[in-house]
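Worksheet for the structure shown next.
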Amino acid sequence: MADWRQYEELDYSRILEAALQAFYEHGYHGTTTRDLARRSGLSVPGVYHYYPSKQDILFDLMNVVIDELLTRSKQALRDAAPDPRSQFDALVESLLRFHMYRRTGATVSTAELRSLEPGNRERYVAKRDEQQRMLDRVVLDGVRDGVFSTPYPKDASRAIASLCVGVASWYRPDGSLPVEALLERYLQIARSIVETAT
């Protein structure tokens, strides 16, 4: 990935692209394998040639989404200056951008976590927790260094993650606020949650 701020068109397989749109529009349980076959231009046996079940398609799709988020978050942290304030701003900006530009996949992943079978859910949640721990560490480092003053760093970190995830539910590219202005506004809100010291 050349730049974590740049978002190109997704290059999913036909089946995953079909699943992304179908699950977004109708939900996992409202989508049949026949629907996925029709959308992807395959027969039902053709879909099963690539995936043993609809559950495997959902799990693969959700992993593609979370893996991109993790990759972008790690790159944002690597590219930022090592101080907690810079690390915080980079990670929150990365989370916000992801939930703006990958809002469909992010929305499906949040909504359909309940549809994963127990083993798949456990593996997916481990990746989601890894993402959360990145933010936890940055906030805790900031509190330790005196640049953040929140008395509740873990709660603040969870609140910021929820704020960023929530953007996927309402952001539209043709909205009234330009991307950079929206990012700056939400970065200010995130900073207020950790009570950034002046």
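Looking at the range 112-126 only, could you name the residues that are open to solvent by less than 20 Å² (accessible area, probe 1.4 Å) and either farther than 23 Å from residue 26 by Cα or without any contact (Cβ under 8 Å) to a residue 12 or more places away in the chain (or both)?
Hits for the range 112-126: nothing passes.
Just to verify a result, which residue in the range 6-30, among those that are over 16 Å from residue 107 (Cα atoms) and without any contact (Cβ under 8 Å) to a residue 60 or more places away in the chain, is least open to solvent (accessible area, probe 1.4 Å)?
Of the residues in the range 6-30, the ones over 16 Å from residue 107 (Cα atoms) are 6-9, 11-15.
Filter once more, keeping what is without any contact (Cβ under 8 Å) to a residue 60 or more places away in the chain: 6, 8-9, 11-15.
Details: 6: 103, 8: 127, 9: 172, 11: 146, 12: 41, 13: 58, 14: 137, 15: 9 Å².
Top of the filtered list is 15.
Going by the conditions given, is residue 52 open to solvent by 20 Å² or more (accessible area, probe 1.4 Å), within 30 Å of residue 27 (Cα to Cα), in a loop (DSSP other than H, G, I, E, B) and not charged (D, E, K, R)?
Details: open to solvent by 20 Å² or more (accessible area, probe 1.4 Å): yes; within 30 Å of residue 27 (Cα to Cα): yes; in a loop (DSSP other than H, G, I, E, B): yes; not charged (D, E, K, R): yes.
So residue 52 fits the description; yes.
If you go through the range 171-193, how many residues are in a loop (DSSP other than H, G, I, E, B), under 16 Å from residue 5 (Cα atoms) and more than 20 Å from the chain's Cα centre (by Cα)? Let's see the steps before the verdict.
Going residue by residue through the range 171-193, those that are in a loop (DSSP other than H, G, I, E, B) are 171-178.
Going one step further and asking which of them are under 16 Å from residue 5 (Cα atoms), we end up with 173, 178.
Now drop any that are not more than 20 Å from the chain's Cα centre (by Cα), which leaves 178.
Final tally of qualifying residues: 1.
Output the residues belonging to the range 150-195 that are in contact with a Gly (Cβ under 9 Å, 6 or more places away or on another chain) and surrounded by fewer than 18 Cβ atoms within 10 Å (Cβ to Cβ).
Within the range 150-195, 182 is the sole residue that qualifies.
Listed residues 92, 64; which is open to solvent by 40 Å² or more (accessible area, probe 1.4 Å) and part of a helix (DSSP H, G or I)?
64
On the given criteria, is residue 81 farther than 29 Å from residue 11 by Cβ, in a loop (DSSP other than H, G, I, E, B) and open to solvent by less than 50 Å² (accessible area, probe 1.4 Å)?
So residue 81 passes the test.
The values are calculated or read from the model by the stated rules, or taken from the named source; none is laboratory data. Keep in mind that this is a model prediction, so the values were computed, not measured. Using ideal geometry, Cβ is built from the backbone for each residue, glycine included, and neighbour counts are taken over all protein chains shown. Keep in mind that these areas ignore ligands, DNA and RNA; they rest on the heavy atoms of the full protein, side chains included. Shrake-Rupley method; radii C 1.70, N 1.55, O 1.52, S 1.80 Å.
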